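Enquirer: Have a look at this one.
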Amino acid sequence: MTHPHQRLLIIDFGSQVTQLIARRLRELNVYCEIHPFNRVDDAFLKSFAPRAVILSGGPASVYADGAPMPPAGVFDLGVPILGICYGQQVMMHCLGGKVEGGHGTAEFGRAFVTPTADKLSILDGWFTQGDEQVWMSHGDHVSKLAPGFQVYGTSPNAPFAITADVARNFYAVQFHPEVHHTPRGAKLYENFVRLAGFTSDWTMSSYREDAIEKIRAQVGDKQVICGLSGGVDSSVAAILIHEAIGDQLTCVFVDHGLLRKNEAAEVVRMFRDNYNIKLIHADESDLFLGALEGISDPETKRKTIGRLFIDVFQKYANQIEGAEFLAQGTLYPDVIESVSFSGGPSVTIKSHHNVGGLPEKMGLKLVEPLRELFKDEVRALGRELGLPQSFIGRHPFPGPGLAIRCPGEITREKLAILREADAVYIDQIRKHGLYDEIWQAFAAILPMKTVGVMGDGRTYDYAVAIRAVTSVDGMTADTYPFTNEFLGETMTRIINEVKGVNRVFYDLTSKPPGTIELE
Ligand code: XMP
């Protein structure tokens, strides 16, 4: 089988940070894929045809019953191999060395590695300023090297911190070069891929060309429908597919009446006018807001919106004659299979359905042109496709929209106030040049009115909360540290410019204990 790019295979043994290895490699324009150890056999190795292999870290002990092992053939491929942490231990174990556990062998957190006398090419650029800081996270350690290996670096608790069998191009380290706390770890990956002969042939423009060809081959002359949310992923997917098959694509943008100020108009303008993409603007706000009337429970709100969304999408999709494919903006982190140790060799597959269950129900096949990309790569592809930066850099916006920023009952009046307050708040953030430093910022309208005094009169109006967080992946978040001046100015602007608000709260809760959204 021939592949358009040089490929690197990462065999995953279940480390929490395996995805970061892939990130570091992609940053070097190297195409790589992560596959769990129990899905990689000799036939897979042959068809994957890697130019190099990385064995990831993992939580197991090599001498435990049923310890995860790579296929024997991996060491006979004749390609460079890099073992990280458990990957190092498994290499030693398979090639005739020894690994020990027990008291005194563990090392967690920051450590410093000291070089030995010999030079090693994957360490070029290392140790230029003395010992290197690395991140350790291991219970066991290597106690005897496999034949052919030599030590190139030691740390207080890992006498074999850096090891290599240069003749066979096998390299193995006890620490994690992929994490932030190994500050110069990227250099080690760079040296490794250079010595493996990678020529950085994986770029966004080549991805774009390959993806277009693949879409054409998959779809032929059939029709494709794509649900547009106005978010970056579905937008990039739609534009890419449009570039591949033009008018065979129809986008359906379901407007549930829970979008931000001007959002629907902007999405329609961009897709219909700028890109000339066939777009159905399904204004179903009456349906959604009607169904949500009187509902305060957050889960009931979410379920109601989810259920209606599928119904509506299906209704419009049925009108598109001959539609055989559904396009989705599924990303790589959604499709990587995670390794499970608790349940033996079983694997959990995280699958992501923007319009859950719909493909099966309607008998549609999926087109997922972003399946191989990480979020920031989708942004890079968006830039490559000419999407404006202001669109690509937009903060995430949840599917249920403003419904989950309006605790308690949702009314049109509250939504209108919320839209205005949010627009003023975001305008403030943009004016102060803070938008790109913040992961997500938004206003919420609270389910209460409070008393105030404006001019000479008493007011009894809604209270609004403003929230801004920093985050890497939305799983945890910190409050963004605005200055008091900024907060004061924002409070004044919201109250002056938005009718119906007389009080502004600033939400200081991190995640955990809070979640980013209020519901
Ligand atoms: P939470 O509130 O769970 O949010 O801390 C984490 C991130 O996920 C977004 N979010 C959603 N996105 N559908 C989405 O597409 C949803 O139902 C949903 N709920 C939360 C949230 O905006 C934040 O970025």
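Enquirer: Give me the Kirkwood hydrodynamic radius of the chain in Å, from all C-alpha pairs, to one decimal place?
Expert: Every distinct Cα pair counted, the radius reaches 25.9 Å.
Enquirer: Considering only the other residues whose Cβ falls under 12 Å of the Cβ of GLU413, what net charge follows from Lys and Arg at +1 and Asp and Glu at -1?
Expert: After counting each charged neighbour, the total is +2.
Enquirer: Can you tell me the relative contact order of the stretch 1-125? Whole percent, Cα pairs under 8 Å, sequence separation 6 or more. Provide the component values of the computation, followed by the final result.
Expert: Details: 169 pairs, mean separation 30.0, N = 125.
With pairs under 8 Å counted, the relative contact order is 24 percent.
Enquirer: Grab the other residues whose beta carbon is less than 13 angstrom from that of HIS141, score K and R as +1, D and E as -1, and report the net.
Expert: Value of the local net charge: -1.
Enquirer: Taking the simple approach of a point 7 Å from Cα along Cα-to-Cβ for both PHE75 and GLU409, what is their distance in nm?
Expert: About 7.1 nm, to one decimal.
Enquirer: Taking amide H atoms as placed 1.01 Å from N in the peptide plane, list the residues 5 or more away in sequence, or in a different chain, whose amide H sits under 5 Å from that of ARG7.
Expert: So ARG7 has HN proximity to ARG51.
Enquirer: What percent do you get for the relative contact order of the chain when only Cα pairs under 8 Å and 6+ apart count? The partial results should precede the final answer.
Expert: Numbers: 983 pairs, mean separation 53.0, N = 519.
This gives 10 percent for the chain.
Enquirer: What is the order of SER229, SER47, fewest Cβ neighbours within 10 Å to most?
Expert: SER47, SER229
Enquirer: Okay, moving on. Quick one: if you take sqrt(5λ) for each eigenvalue of the C-alpha gyration tensor of the stretch 1-119, what semi-axes come out, biggest first, whole angstrom?
Expert: Each semi-axis is √(5λ); the values are 25, 18, 14 Å.
Enquirer: Over the stretch 167-240, what is the mean sequence separation of C-alpha contacts under 8 Å (at least six apart), divided by residue count, expressed as relative contact order in percent?
Expert: Values: 20 pairs, mean separation 11.4, N = 74.
Relative CO of the stretch 167-240 lands at 15 percent.
Enquirer: Quick one: putting +1 on the C-beta of Lys and Arg, -1 on the C-beta of Asp and Glu, what dipole do you get for the stretch 204-392 around its Cα centre, in Debye to the nearest 20?
Expert: Details: 21 positive and 28 negative charges, 37 e Å.
It comes to approximately 180 debye.
Enquirer: What's the angle, to the nearest 10 degrees (0 to 90), between helix 18-27's Cα axis and the longest principal axis of the chain?
Expert: Tilt of helix 18-27: around 90 degrees.
Enquirer: Along the charge dipole of the chain, pointing to its positive end and built from +1/-1 on Cβ of Lys, Arg, Asp and Glu, which listed residue (VAL30, PRO71, LEU326) has its Cα farthest out?
Expert: Final value for the positive-end residue is VAL30.
Enquirer: Okay, moving on. Rounded to the nearest 0.05, what FRET efficiency do GLN16 and TYR460 give with R0 = 51 Å and r taken as the Cβ-Cβ distance? Could you check?
Expert: Details: r = 51 Å, r/R0 = 1.00.
So, using R0 = 51 Å, E works out to roughly 0.50.
Enquirer: Taking a ≥ b ≥ c as the square roots of the Cα gyration tensor eigenvalues, with a/c under 1.5 meaning rounded and otherwise prolate when a/b beats b/c, else oblate, which class fits the stretch 7-195?
Expert: Numbers: a/c = 1.43, a/b = 1.15, b/c = 1.24.
Rounded shape, in that the Cα axes give a/c under 1.5.
Enquirer: How about LYS431: which lysines have a C-alpha closer than 28 Å to its C-alpha, ignoring those fewer than 8 places off in the same chain?
Expert: Here the lysines satisfying the reach criterion relative to LYS431 are LYS261, LYS375, LYS414, LYS499, LYS511.
Enquirer: Let me ask another. Determine the principal axes of the Cα atoms in the stretch 24-89, then give the extent along each, sorted from largest to smallest and rounded to whole angstroms.
Expert: If we take the Cα atoms of the stretch 24-89, the spans are 37, 26, 19 Å.
Enquirer: Once both axes come from the Cα atoms, what is the angle between helix 484-497 and the longest principal axis of the chain, in degrees from 0 to 90, rounded to 10?
Expert: For helix 484-497, the angle is close to 30 degrees.
Enquirer: ARG430 to GLN129: FRET efficiency via 1/(1 + (r/R0)^6), r the Cβ-Cβ distance, R0 51 Å, to the nearest 0.05?
Expert: According to the calculation, E is roughly 0.80.
Enquirer: Can you work out the PRE-style zone for LEU287? Point 7 Å along Cα to Cβ, and I want the residues of the stretch 369-399 with backbone N under 17 Å.
Expert: No residue passes the distance filter.
Enquirer: Rounded, prolate or oblate: which one fits the stretch 412-506, using the alpha carbon gyration tensor with axes a ≥ b ≥ c (rounded when a/c is under 1.5, else prolate when a/b beats b/c, else oblate)? Walk me through the numbers before you get to the answer.
Expert: Working: a/c = 2.20, a/b = 1.74, b/c = 1.26.
The shape class here is prolate.
Enquirer: Still on this structure, please answer the following. Let me spell out the model: positive unit charges on the Cβ of Lys and Arg, negative unit charges on the Cβ of Asp and Glu, origin at the Cα centre of the stretch 7-195. What dipole size does that give, in debye rounded to 20? Before the final figure, lay out the partial values.
Expert: Values: 15 positive and 17 negative charges, 80 e Å.
Dipole size: approximately 380 debye.
Enquirer: So, one more: To the nearest 20 debye, what charge dipole does the chain have about its Cα centre, counting +1 at the Cβ of each Lys and Arg and -1 at the Cβ of each Asp and Glu?
Expert: So the dipole magnitude of the chain works out to roughly 140 debye.
Enquirer: Amide H of HIS432 versus every other amide H placed in the peptide plane: which residues, excluding those fewer than 5 positions away on the same chain, fall under 5 Å?
Expert: Excluding prolines and chain starts, which carry no amide H, there are no hits.
Enquirer: Between GLU497 and LYS46, what is the FRET efficiency for a Förster distance of 60 Å, r being their Cβ-Cβ separation, to the nearest 0.05?
Expert: 0.40
Enquirer: Which angle between 0 and 90 degrees, to the nearest 10, do you get for helix 232-245 versus the longest principal axis of the chain when only C-alpha atoms count?
Expert: 80
Enquirer: A further question on this structure: Using 0.36 nm times the number of residues separating GLU324 and ARG302, minus their current alpha carbon distance, what extension gain do you get?
Expert: Value of the extension gain: 5.1 nm.
Enquirer: Here is a further query. Quick one: which residues, 5+ away or cross-chain, put their amide H under 5 Å from the amide H of SER143? H built at 1.01 Å from N.
Expert: Here LYS98, VAL99, GLU100 satisfy the definition.
Enquirer: For HIS3 and VAL472 in the same chain, what is the full-extension length gain: residue separation times 0.36 nm, less their Cα-Cα distance, in nm?
Expert: 165.6 nm
Each reported figure results from applying straightforward, stated rules to the coordinates on display, with no laboratory input. None of these values were measured; they are calculated from a predicted model. Heads up, the Cβs are rebuilt from the backbone with ideal geometry, glycines too, and the neighbour counts pull from every protein chain shown.
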